[in-house]
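The values are calculated or read from the model by the stated rules, or taken from the named source; none is laboratory data. Since this is a predicted model, take the numbers as computed values, not measurements. We place every Cβ from the backbone using ideal geometry, glycine too, and count neighbours over all the protein chains shown.
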Amino acid sequence: MMRVLVFGRTGQVARALAQQASADITITCLGRDRADLTDAAACAAIIAGADADIVINAAAYTAVDRAEAEADLAHAVNAAAPAAMARACAARRIPFLHISTDYVFDGNGSTPWQVDDLTGPLGVYGQTKLAGEEAVRAAAGTHVILRTSWVFSAHGANFVKTMLRLGATRPEINVVADQHGGPTAADDIATALISIARAFHTGRGISGTYHFSGSPDVSWADFARAIFAHAGVDCAVQDIPTSAYPTPATRPANSRLDCSTLAHDYVITRPDWQASLTNVIRTLKEGSQ
(Lines give C-alpha, C1' and ligand atoms only; values in the text may rest on other atoms or scores of the structure.)
Protein backbone atom coordinates (compact mmCIF):
# COMPACT_ATOMS: atom_id res chain seq x y z
CA MET A 1 0.00 0.00 0.00
CA MET A 2 1.33 3.43 -0.98
CA ARG A 3 0.14 6.30 1.17
CA VAL A 4 0.09 9.67 -0.59
CA LEU A 5 -0.39 12.99 1.20
CA VAL A 6 -1.52 15.83 -1.08
CA PHE A 7 -1.46 19.52 -0.25
CA GLY A 8 -4.50 20.86 -2.05
CA ARG A 9 -8.06 19.60 -2.35
CA THR A 10 -10.21 21.82 -4.57
CA GLY A 11 -7.66 22.77 -7.23
CA GLN A 12 -7.68 21.14 -10.63
CA VAL A 13 -4.75 18.78 -10.08
CA ALA A 14 -5.64 18.00 -6.46
CA ARG A 15 -9.14 16.95 -7.51
CA ALA A 16 -7.66 14.79 -10.23
CA LEU A 17 -5.22 13.22 -7.78
CA ALA A 18 -8.07 12.28 -5.45
CA GLN A 19 -9.51 10.20 -8.30
CA GLN A 20 -6.24 8.22 -8.51
CA ALA A 21 -6.94 6.35 -5.29
CA SER A 22 -7.08 2.58 -5.81
CA ALA A 23 -6.80 -0.73 -4.01
CA ASP A 24 -3.08 -0.17 -3.44
CA ILE A 25 -3.01 3.63 -3.11
CA THR A 26 -4.54 5.81 -0.40
CA ILE A 27 -4.67 9.52 -1.17
CA THR A 28 -5.31 12.13 1.51
CA CYS A 29 -5.97 15.62 0.16
CA LEU A 30 -5.60 18.58 2.51
CA GLY A 31 -7.72 21.66 1.91
CA ARG A 32 -7.23 25.10 3.43
CA ASP A 33 -9.16 24.06 6.52
CA ARG A 34 -6.43 21.53 7.36
CA ALA A 35 -3.35 23.06 5.77
CA ASP A 36 -2.82 26.82 5.86
CA LEU A 37 -0.38 27.48 3.03
CA THR A 38 0.41 30.91 4.42
CA ASP A 39 1.82 29.19 7.52
CA ALA A 40 4.96 27.37 6.40
CA ALA A 41 5.69 25.99 9.85
CA ALA A 42 2.23 24.47 10.08
CA CYS A 43 2.70 22.76 6.71
CA ALA A 44 6.00 21.30 7.91
CA ALA A 45 4.37 20.09 11.12
CA ILE A 46 1.71 18.24 9.15
CA ILE A 47 4.39 16.32 7.26
CA ALA A 48 6.35 15.64 10.44
CA GLY A 49 3.34 13.85 11.90
CA ALA A 50 1.92 12.33 8.73
CA ASP A 51 1.59 8.64 7.99
CA ALA A 52 2.71 9.04 4.39
CA ASP A 53 5.10 7.46 1.91
CA ILE A 54 4.93 10.29 -0.65
CA VAL A 55 4.02 13.98 -0.35
CA ILE A 56 2.69 15.90 -3.35
CA ASN A 57 2.28 19.66 -3.33
CA ALA A 58 -0.58 20.36 -5.72
CA ALA A 59 -1.47 23.70 -4.11
CA ALA A 60 -0.32 27.09 -5.32
CA TYR A 61 -1.20 30.76 -5.65
CA THR A 62 -2.13 30.82 -9.34
CA ALA A 63 -3.84 34.20 -9.79
CA VAL A 64 -1.20 35.44 -12.21
CA ASP A 65 -2.48 39.00 -12.56
CA ARG A 66 -3.49 39.48 -8.93
CA ALA A 67 -0.04 38.31 -7.83
CA GLU A 68 1.39 41.59 -9.12
CA ALA A 69 -0.41 43.34 -6.25
CA GLU A 70 -0.17 40.48 -3.73
CA ALA A 71 3.50 39.56 -3.95
CA ASP A 72 3.85 38.71 -0.26
CA LEU A 73 0.91 36.32 -0.32
CA ALA A 74 2.10 34.70 -3.55
CA HIS A 75 5.58 34.24 -2.06
CA ALA A 76 4.19 32.70 1.12
CA VAL A 77 2.20 30.09 -0.80
CA ASN A 78 4.49 29.46 -3.77
CA ALA A 79 7.91 29.72 -2.13
CA ALA A 80 7.87 29.64 1.68
CA ALA A 81 5.35 26.81 2.02
CA PRO A 82 7.01 24.39 -0.44
CA ALA A 83 10.39 25.22 1.11
CA ALA A 84 9.12 24.10 4.51
CA MET A 85 7.42 21.05 3.02
CA ALA A 86 10.60 20.00 1.21
CA ARG A 87 12.72 20.35 4.35
CA ALA A 88 10.20 18.36 6.39
CA CYS A 89 10.16 15.61 3.76
CA ALA A 90 13.96 15.55 3.59
CA ALA A 91 14.14 15.18 7.37
CA ARG A 92 11.92 12.10 7.18
CA ARG A 93 13.38 10.83 3.89
CA ILE A 94 10.00 11.03 2.21
CA PRO A 95 9.96 11.81 -1.56
CA PHE A 96 8.46 15.23 -2.28
CA LEU A 97 6.74 15.92 -5.61
CA HIS A 98 6.16 19.58 -6.44
CA ILE A 99 4.28 21.13 -9.36
CA SER A 100 5.81 24.15 -11.08
CA THR A 101 5.18 26.10 -14.24
CA ASP A 102 6.38 27.32 -17.62
CA TYR A 103 6.22 30.85 -16.15
CA VAL A 104 9.71 30.37 -14.71
CA PHE A 105 10.99 31.11 -18.24
CA ASP A 106 10.97 34.45 -20.06
CA GLY A 107 9.10 33.10 -23.09
CA ASN A 108 11.62 34.17 -25.70
CA GLY A 109 12.19 32.28 -28.94
CA SER A 110 10.21 29.38 -30.31
CA THR A 111 12.30 26.39 -29.24
CA PRO A 112 10.83 24.17 -26.50
CA TRP A 113 12.42 24.88 -23.13
CA GLN A 114 14.88 22.32 -21.79
CA VAL A 115 14.77 21.58 -18.06
CA ASP A 116 18.20 23.13 -17.52
CA ASP A 117 17.67 26.26 -19.64
CA LEU A 118 18.27 29.61 -17.99
CA THR A 119 15.16 30.82 -16.17
CA GLY A 120 13.87 34.39 -16.27
CA PRO A 121 10.31 34.87 -14.99
CA LEU A 122 8.49 37.94 -16.24
CA GLY A 123 6.24 38.58 -13.24
CA VAL A 124 5.59 37.92 -9.59
CA TYR A 125 3.83 34.60 -10.14
CA GLY A 126 6.76 33.15 -12.08
CA GLN A 127 9.27 34.65 -9.66
CA THR A 128 7.60 33.06 -6.64
CA LYS A 129 7.27 29.69 -8.37
CA LEU A 130 10.96 29.82 -9.28
CA ALA A 131 11.81 30.65 -5.66
CA GLY A 132 9.80 27.60 -4.64
CA GLU A 133 11.75 25.41 -7.05
CA GLU A 134 15.07 26.68 -5.73
CA ALA A 135 14.01 26.04 -2.15
CA VAL A 136 12.90 22.49 -2.93
CA ARG A 137 16.29 21.73 -4.48
CA ALA A 138 18.11 23.41 -1.58
CA ALA A 139 16.36 21.10 0.89
CA ALA A 140 18.50 18.34 -0.64
CA GLY A 141 15.90 15.66 -0.16
CA THR A 142 14.45 13.16 -2.62
CA HIS A 143 12.24 15.20 -4.91
CA VAL A 144 10.74 15.81 -8.33
CA ILE A 145 9.78 19.25 -9.60
CA LEU A 146 7.28 18.85 -12.43
CA ARG A 147 6.84 21.94 -14.60
CA THR A 148 3.65 21.98 -16.61
CA SER A 149 1.58 24.44 -18.63
CA TRP A 150 -1.92 25.56 -19.64
CA VAL A 151 -3.77 23.30 -17.19
CA PHE A 152 -7.41 22.50 -17.90
CA SER A 153 -10.11 20.25 -16.47
CA ALA A 154 -13.84 20.04 -15.85
CA HIS A 155 -13.34 21.74 -12.48
CA GLY A 156 -12.21 25.14 -11.31
CA ALA A 157 -11.41 28.15 -13.46
CA ASN A 158 -9.52 27.47 -16.68
CA PHE A 159 -9.34 28.41 -20.34
CA VAL A 160 -11.60 25.60 -21.58
CA LYS A 161 -14.47 26.54 -19.28
CA THR A 162 -14.03 30.23 -20.03
CA MET A 163 -14.16 29.64 -23.79
CA LEU A 164 -17.27 27.46 -23.50
CA ARG A 165 -18.99 30.09 -21.38
CA LEU A 166 -18.16 32.92 -23.77
CA GLY A 167 -18.76 30.87 -26.90
CA ALA A 168 -22.29 30.01 -25.77
CA THR A 169 -23.37 33.65 -25.99
CA ARG A 170 -21.16 35.19 -28.66
CA PRO A 171 -20.91 34.58 -32.42
CA GLU A 172 -17.26 35.61 -32.42
CA ILE A 173 -14.42 35.96 -29.92
CA ASN A 174 -10.93 37.45 -30.03
CA VAL A 175 -8.13 35.21 -28.74
CA VAL A 176 -4.38 35.77 -28.50
CA ALA A 177 -2.54 33.95 -31.28
CA ASP A 178 1.11 34.81 -30.58
CA GLN A 179 1.51 32.79 -27.38
CA HIS A 180 2.24 29.08 -27.84
CA GLY A 181 2.32 26.14 -25.45
CA GLY A 182 1.04 22.68 -24.65
CA PRO A 183 -2.43 22.45 -23.10
CA THR A 184 -2.31 19.90 -20.28
CA ALA A 185 -5.24 18.11 -18.67
CA ALA A 186 -5.21 17.93 -14.88
CA ASP A 187 -6.08 14.23 -15.13
CA ASP A 188 -2.94 13.64 -17.19
CA ILE A 189 -0.80 15.55 -14.67
CA ALA A 190 -2.26 13.48 -11.83
CA THR A 191 -1.57 10.25 -13.70
CA ALA A 192 2.03 11.32 -14.30
CA LEU A 193 2.53 12.26 -10.65
CA ILE A 194 1.21 8.92 -9.44
CA SER A 195 3.50 7.11 -11.89
CA ILE A 196 6.44 9.04 -10.47
CA ALA A 197 5.27 8.31 -6.92
CA ARG A 198 5.07 4.60 -7.71
CA ALA A 199 8.61 4.70 -9.06
CA PHE A 200 9.91 6.17 -5.82
CA HIS A 201 7.84 3.76 -3.76
CA THR A 202 9.47 0.82 -5.54
CA GLY A 203 12.98 2.27 -5.39
CA ARG A 204 13.16 3.37 -9.04
CA GLY A 205 12.61 7.10 -8.62
CA ILE A 206 15.10 9.69 -9.87
CA SER A 207 15.24 13.13 -8.29
CA GLY A 208 15.27 16.15 -10.56
CA THR A 209 13.33 18.74 -12.50
CA TYR A 210 11.12 17.59 -15.36
CA HIS A 211 8.72 19.01 -17.94
CA PHE A 212 5.28 17.64 -18.72
CA SER A 213 2.78 19.16 -21.15
CA GLY A 214 0.20 18.07 -23.65
CA SER A 215 0.93 17.57 -27.34
CA PRO A 216 0.91 19.15 -29.87
CA ASP A 217 1.90 22.71 -29.03
CA VAL A 218 -0.62 25.30 -30.20
CA SER A 219 -1.55 28.96 -29.83
CA TRP A 220 -4.32 30.03 -27.48
CA ALA A 221 -6.40 30.91 -30.55
CA ASP A 222 -6.00 27.45 -32.07
CA PHE A 223 -6.73 25.89 -28.69
CA ALA A 224 -9.97 27.89 -28.57
CA ARG A 225 -10.92 26.66 -32.05
CA ALA A 226 -10.35 23.08 -30.95
CA ILE A 227 -12.50 23.62 -27.86
CA PHE A 228 -15.40 24.91 -29.95
CA ALA A 229 -14.98 22.13 -32.51
CA HIS A 230 -14.97 19.40 -29.86
CA ALA A 231 -17.96 20.92 -28.08
CA GLY A 232 -19.96 21.64 -31.22
CA VAL A 233 -20.11 25.37 -30.42
CA ASP A 234 -20.65 27.74 -33.33
CA CYS A 235 -18.31 30.58 -32.40
CA ALA A 236 -15.68 32.07 -34.69
CA VAL A 237 -12.20 32.81 -33.33
CA GLN A 238 -10.37 35.92 -34.45
CA ASP A 239 -6.60 35.98 -33.95
CA ILE A 240 -5.23 38.97 -32.05
CA PRO A 241 -1.73 39.83 -30.81
CA THR A 242 -0.89 39.90 -27.10
CA SER A 243 -0.55 43.68 -27.38
CA ALA A 244 -4.28 43.90 -28.09
CA TYR A 245 -5.15 42.18 -24.82
CA PRO A 246 -3.10 43.92 -22.08
CA THR A 247 -2.98 42.32 -18.63
CA PRO A 248 -1.29 43.35 -15.35
CA ALA A 249 1.17 40.44 -15.64
CA THR A 250 3.18 39.70 -18.78
CA ARG A 251 2.61 36.22 -20.21
CA PRO A 252 5.45 34.22 -21.79
CA ALA A 253 5.04 34.06 -25.57
CA ASN A 254 6.83 30.73 -25.76
CA SER A 255 5.57 28.16 -23.25
CA ARG A 256 6.67 25.12 -25.25
CA LEU A 257 8.30 22.53 -22.97
CA ASP A 258 10.76 19.83 -23.97
CA CYS A 259 9.54 16.75 -22.10
CA SER A 260 12.19 14.29 -23.28
CA THR A 261 13.92 13.77 -19.92
CA LEU A 262 10.64 12.67 -18.32
CA ALA A 263 10.17 10.18 -21.14
CA HIS A 264 13.73 8.91 -20.68
CA ASP A 265 13.75 8.61 -16.88
CA TYR A 266 10.13 7.64 -16.21
CA VAL A 267 8.79 6.47 -19.60
CA ILE A 268 6.08 9.11 -19.33
CA THR A 269 5.31 10.64 -22.72
CA ARG A 270 3.38 13.75 -23.66
CA PRO A 271 -0.38 13.10 -23.65
CA ASP A 272 -2.68 14.00 -26.53
CA TRP A 273 -4.52 17.03 -25.18
CA GLN A 274 -7.25 16.69 -27.82
CA ALA A 275 -8.25 13.28 -26.44
CA SER A 276 -8.21 14.71 -22.93
CA LEU A 277 -10.23 17.72 -24.11
CA THR A 278 -12.91 15.36 -25.44
CA ASN A 279 -13.15 13.73 -22.02
CA VAL A 280 -13.36 17.06 -20.22
CA ILE A 281 -16.11 18.36 -22.49
CA ARG A 282 -18.02 15.10 -22.07
CA THR A 283 -17.79 15.46 -18.29
CA LEU A 284 -18.99 19.05 -18.45
CA LYS A 285 -21.94 18.12 -20.65
CA GLU A 286 -22.91 15.24 -18.36
CA GLY A 287 -22.74 17.55 -15.38
CA SER A 288 -25.08 20.06 -16.99
CA GLN A 289 -27.78 17.50 -17.73
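Data overview
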quantity	calculated
Residue that is surrounded by fewer than 18 Cβ atoms within 10 Å (Cβ to Cβ), under 20 Å from Ala249 (Cβ atoms), out of contact with any Ser or Thr (no Cβ under 7 Å at 6 or more places or on another chain) and in contact (Cβ under 8 Å) with a residue 40 or more places away in the chain, where the choices are Ala91, Ala69, Ala60	Ala69
Search result, residues across segment 1-57 that are touching a Lys or Arg at 6+ places or on another chain (Cβ under 8 Å), in contact (Cβ under 8 Å) with a residue 60 or more places away in the chain and crowded, with 19+ Cβ neighbours inside 10 Å	Arg15, Ile54
Residues located in segment 253-280, provided they are among the aliphatic types (A, V, I, L, M) and either outside any helix (DSSP H, G or I) or crowded, with 19+ Cβ neighbours inside 10 Å (or both)	Ala253, Leu257, Leu262, Val267, Ile268, Leu277, Val280
Helices (runs of 4 or more DSSP H) completely within segment 141-252 that count 1 or more residues being free of Cβ contacts under 8 Å to residues at least 60 places away in the same chain	159-167, 220-231
Segment 60-91: number of residues that are touching a strand residue (DSSP E or B) at 6+ places or on another chain (Cβ under 9 Å) and farther than 16 Å from Ala135 by Cα	1
Among residues of segment 106-137, those that are under 19 Å from Gly182 (Cβ atoms) and outside any helix (DSSP H, G or I), counted	15
Test result for Thr28, in a strand (DSSP E or B) and at pLDDT 95 or above	yes
Options Val115, Val144; residue that is surrounded by fewer than 18 Cβ atoms within 10 Å (Cβ to Cβ) and either modelled with pLDDT under 95 or touching a Phe, Trp or Tyr at 6+ places or on another chain (Cβ under 8 Å) (or both)	Val115
Pair list, Cβ under 7 Å, 6 or more apart: segment 255-271 residue closer than 17 Å to Asp187 by Cβ, other residue of a type in the set (Asp, Glu)	Pro271/Asp188
